[in-house]
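Laboratory data are not the source of any read-out in this text; all were calculated from the coordinates shown. Small disclaimer: the values here were computed from a predicted structure and weren't measured. Neighbour counts are summed over all protein chains in view; Cβ atoms, including those assigned to glycine, are modelled from backbone coordinates with ideal geometry.
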């Protein structure tokens, strides 16, 4: 009897679930599935560019169309509410992958004016990637590829390495902690032979609630190394004995320890692997092993100097993007409690040492 009752309950549950599924599917045409959101400020209005999937007007029988909308409002919430008014569809945020912020809104207005929606809304996903652009955010969700297809939000999402932690979860955590500074991946559009392409250019750094600086080129390379982000740009190592060597960082493992002397002293250990894909045809040593050792030594010198310079610049400006405050708090909680309220003013007095160990792999010897 108990078995029959269990079977009946199981069948009843299956029927309910199937009915629920049918109900959801029947309402899909009434929804606008958000994939990417661009946010900027123009003439004291919030301007949103939304890339979404429209099931009501599919491009093909089995595929939704990609809709690009421009919505305005006197606040972010007001602009978001206007999506429904403009489209007569219910926006769904659970599939959103990317938030693109214009420089003006992060630099002038600050993020506290709008970030709460992406924390508190019940559909908001904490791992949505978030980035900043120097031009209009709308341009990035309207770019068309060679075959005239719109560049999708997923394409932009995939440009930003997950290991960079440029997502809502980490961004807001740093923003609210009072210890570490928030940062954003910085993307830009490059025009190559009339074809527009989006690239990860560097990082935008915030001081409190506002964007204060962009970093790129060597400074961004060092930042990525210290954040354990591989495959960002090409490293060039060059001297009179080696000539010019071009390589790519394939792996970066970072371990940071702190000792408390008169002031905190940090030791940053870098364990790196680089692949060399191009070198001078004049490079002559007894063996490939000797070549790798010499390249490793030169690369180690360059990256150690670059990372030391970047850390020093940030500490001098009272910016903690490498979690020095969190490390100190975890290692010496009693000491940190005394300076907790004024941690940022102590940053410039901190000492640090960068040590790197480099493993070299030669993947190509194409002469430069």
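Okay, here's what the table says:
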item: Top of 289, 238, 81 by mean-square fluctuation, Gaussian network on the chain, Cα under 10 Å; result: 289
item: Pairwise centroid distance, computed over Cα atoms, of the range 206-260 with the range 86-160, Å; result: 26 Å
item: Per-residue [θ]222 nm for the chain (sum of -39500 (n - 2.57) over DSSP H runs n ≥ 4, rounded to 500); result: -10000 deg cm²/dmol
item: Computed lengthening from residue 278 to residue 42, 0.36 nm per intervening residue step minus Cα-Cα distance; result: 80.3 nm
item: Segments 201-211, 337-347 sorted - mean Cβ within 10 Å per residue, highest first; result: 201-211, 337-347
item: Relative packing of peptides 68-74, 29-35, 190-196 - highest average C-beta neighbours within 10 Å first; result: 29-35, 68-74, 190-196
item: Per principal axis, descending, Cα span of the range 44-158 in whole Å; result: 43, 31, 27
item: Three-way shape call for the range 98-237 based on the alpha-carbon gyration tensor, with the a/c threshold at 1.5; result: oblate
item: Gyration tensor verdict on the range 184-339 (Cα atoms; rounded if a/c is under 1.5, prolate if a/b is larger than b/c, oblate otherwise); result: oblate
item: Inter-label distance for residue 293 and residue 154, nm, one decimal - labels placed 7 Å from Cα along Cα-to-Cβ; result: 4.9 nm
item: FRET efficiency estimate (nearest 0.05) - Cβ-Cβ, residue 77 to residue 253, R0 41 angstrom; result: 0.45
item: Residue 241-residue 308 FRET efficiency (beta carbon distance; Förster radius 25 Å; 0.05 resolution); result: 0.60
item: Distance (nanometres) between label positions extended 7 Å along Cα→Cβ at residue 265 and residue 217; result: 3.4 nm
